[in-house]
Amino acid sequence: MAIQDKLKILIIDDEKQFTEELSGFFLSSGFESFQANTVGDGRKILNNHEIDLLILDVRLPGVNGLDILKEVKVLYAEMEVIIVSAHGEMDTVIKAMRLGAFDYLRKPFRYIDIQIAIERTRKYLQMQRRLKQMEERNSLISKTLEEKIKRQFIGISPQILNVFEQAITAANYPDANVLITGESGTGKENIARIIHYSSEKKDPVFCAVNSSAITESLLESEFFGHKKGSFTGAISDKMGYFEACNGGTLFLDEIADMPLNLQAKILRATEEKVITRVGDTKPIHTDFRIISATNHDIDKKVEQKEFRLDLLHRLNTLHIHIPPLRERPEDIKPLLIHYVDDYATKFNKPNIHISKEVFDALLKYDFPGNVRELRNMTERAIILCKGNLLGINDFPVKLQKASSSEAHSDSINLRTHEIEMIHKTLQNCKYNQTAAADMLGITRDALFRKMKKHNISVNKSEA
């Protein structure tokens, strides 16, 4: 996979002074320029370089420029052609445009004329490339939707296509609450944003809240708002999440970590669509859709009396489960290509390629951190790579598939799987708890609570 850099322009004209001056202008304008004073030299350049734009004189010694135009449009269909000539016969102009020329300029022309023509052509080329890249990178959403959700959604596997179809179905029912389940790093918030911005309620606010990141003492105030003076520090009236999301979507991440006392109030708010600010008595009507997400076995949470069954019924009108990356290995290659392209552009490292051994090795890796882990390791690889070829040494992970017995155990015992995931992620992050929490998609405090819950300790010698 190579990353495009400068626009490549070839000038074919028998006037050497003209080609030299025009080539100099193109170079100073940031383009890559080639020049040929004969058709033979021009053909050699076309054979050896991927030319984006051809500036072609319609009158060349012994050759009809329109015949060359026909030839190049057959051999290099994606290349655009601007015809130039000292003779502006209308018949020639019409023939050139019919044969596929993008523009026609009459000599002598000003540099500003050719610059305007090229900018028009360049925009067209960029548009074509963006369309091609969209197809090649297997994006499931439009560029417009990408810009709205500020994320991409890449995949080709039947599992992820099914997830996407369910998200679009949910978008068509803007009053239905949605529960999204899946391991950390699978892209639950991406799905929530796709649902919101694909629905008829896409213009009002989308508010994402991490249910485990808010201190318990402030939870009620954050969700319902408060009246000035209702408690120490309440120096002014404040609107809560439910009120702020009127007409829009409230995304509750890590919903299973919400305290039980708040769950009852959340249930009432979702049923009645009426809330009261802390310290106030005035009811406020608000209309919102809740999309919630969790990486826990929420049914088990209900059995353990840690999550209310009636709230679960209210939240999972529609349920979307995102499979982990190891269960859809077909998505690893398009995701890796996308992230390499993205970070190579971001860090200004053009022409980065990926060796075949990287693809083969990553297919054997479990990805406990799922898509987020693949993205993070790709970013690291691009930052540290010295040349333009990414090899297996740029991805320093233990590339081993879990045994089938381990995979089976993980699938039937979520607690064991969570412990394994935390251990593996801590190892991959060299026991840096902040980095491990980021890879797992949770706060450092949430990771600490999980480690305490499962009696996971980090020795100073390990850290």
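The values are calculated or read from the model by the stated rules, or taken from the named source; none is laboratory data. Not measured: the values here are computed from a predicted model. Ideal geometry is used to build each Cβ from the backbone, glycine not excepted, and the neighbour counts take in all protein chains shown. Note: areas computed on protein heavy atoms with side chains; ligands, DNA, RNA excluded. Shrake-Rupley method; radii C 1.70, N 1.55, O 1.52, S 1.80 Å.
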I need the fraction of alpha carbon pairs in segment 269-390 separated by more than 17 Å, rounded to a whole percent. 70 percent
On each of the three principal axes the extent of the alpha-carbon atoms of segment 22-111, given in whole Å and largest first, is 33, 30, 24
Determine how large the accessible area of residue 377 is when every protein chain is in place; take a 1.4 Å probe and give Å² rounded to the nearest 10. 20 Å²
Rounded to whole Å, sorted largest first: equivalent-ellipsoid semi-axes of segment 65-105, Cα gyration tensor: 17, 9, 8
From the backbone phi of segment 277-288, what are the Karplus-calculated ³J(HN,Hα) couplings (6.51 cos²θ - 1.76 cosθ + 1.60, θ = phi - 60°) in whole Hz, Gly and Pro given as x? 5, 4, x, 10, 10, 7, x, 10, 7, 8, 10, 8
So the angle from the long Cα axis of helix 39-48 to the longest Cα principal axis of the chain, reported in degrees to the nearest 10, equals 20 degrees
Gap in Å between the Cα centre of segment 198-237 and the Cα centre of segment 258-324? 14 Å
If you roll a 1.4 angstrom probe over the protein chains with everything in place, what fraction of the accessible area of the chain belongs to carbon and sulfur, to the nearest %? 50 percent
Which value, in Å² rounded to 10, gives the accessible area of residue 222 with a 1.4 Å probe and all protein chains present? 40 Å²
Compute the accessible area per residue over the chain, keeping the other protein chains in place, probe 1.4 Å, unit Å². 51 Å²
Taking amide H atoms as placed 1.01 Å from N in the peptide plane, list the residues 5 or more away in sequence, or in a different chain, whose amide H sits under 5 Å from that of residue 319. 179
Quick one: compute a quarter of the convex hull surface over the Cα atoms of segment 173-292 and quote it in nm². 7.5 nm²
Formal net charge of residues neighbouring residue 387 (Cβ-Cβ distance under 14 Å; K, R +1; D, E -1): +1
Full extension between residue 285 and residue 432 adds, at 0.36 nm per residue less the Cα distance, a length in nm of 48.4 nm
Rounded to the nearest 0.05, FRET efficiency between residue 360 and residue 260 (Cβ-Cβ, R0 41 Å) equals 0.30
Fraction of the pair-distance distribution of segment 232-285 above 13 Å, Cα-Cα pairs, percent: 67 percent
With only alpha-carbon atoms counted, please give the Rg and Dmax of segment 305-345, in Å. 17.8, 49
Out of the DSSP beta bridges found with both residues in the chain, what percent are antiparallel (nearest 5)? 15 percent
When only alpha-carbon atoms are used, what values of Rg and Dmax, in angstrom, describe the chain? 29.3, 92
Sequence of 50, 254, 32, 272 from largest to smallest accessible area, 1.4 Å probe: 50, 272, 32, 254
Between residue 115 and residue 392, the two model label points (7 Å from Cα along the beta-carbon direction) sit apart by a distance in nm of 5.2 nm
Judged on accessible area alone, 1.4 Å probe, highest first, 345, 186 line up as 345, 186
With a Förster distance of 45 angstrom and the Cβ-Cβ distance between residue 351 and residue 454, calculated FRET efficiency to the nearest 0.05 equals 0.50
Loop trypsin sites (Lys or Arg not before Pro), segment 197-265, which have at most 13 other Cβ atoms in a 10 Å radius of their Cβ (DSSP): 228
Nearest-ten-degree value, helix 65-75 long axis tilted from longest Cα axis of the chain: 30 degrees
Report the extension gain between residue 41 and residue 173 in nm, rounded to one decimal, defined as 0.36 nm multiplied by the number of residues separating them, less their alpha carbon distance. 41.3 nm
For a Förster distance of 25 Å, can you work out the FRET efficiency between the beta-carbons of residue 49 and residue 15, rounded to the nearest 0.05? 0.70
Would you work out the Kirkwood radius for segment 325-385? I mean one over the mean of 1/r across all pairs of different Cα atoms, in Å. 11.8 Å
Evaluate the relative contact order of segment 1-112 (contact order divided by residue number), counting alpha-carbon pairs under 8 angstrom at least 6 apart; express in whole percent. 23 percent
Net charge, residue 159 excluded, C-beta distance under 14 Å - Lys, Arg +1, Asp, Glu -1: -3
Solvent accessible area, Å² - residue 184, 1.4 Å probe, full protein context: 10 Å²
Could you please report the charge total around residue 313, scoring K, R as +1 and D, E as -1 over all other residues with beta-carbon less than 13 angstrom from its beta-carbon? -1
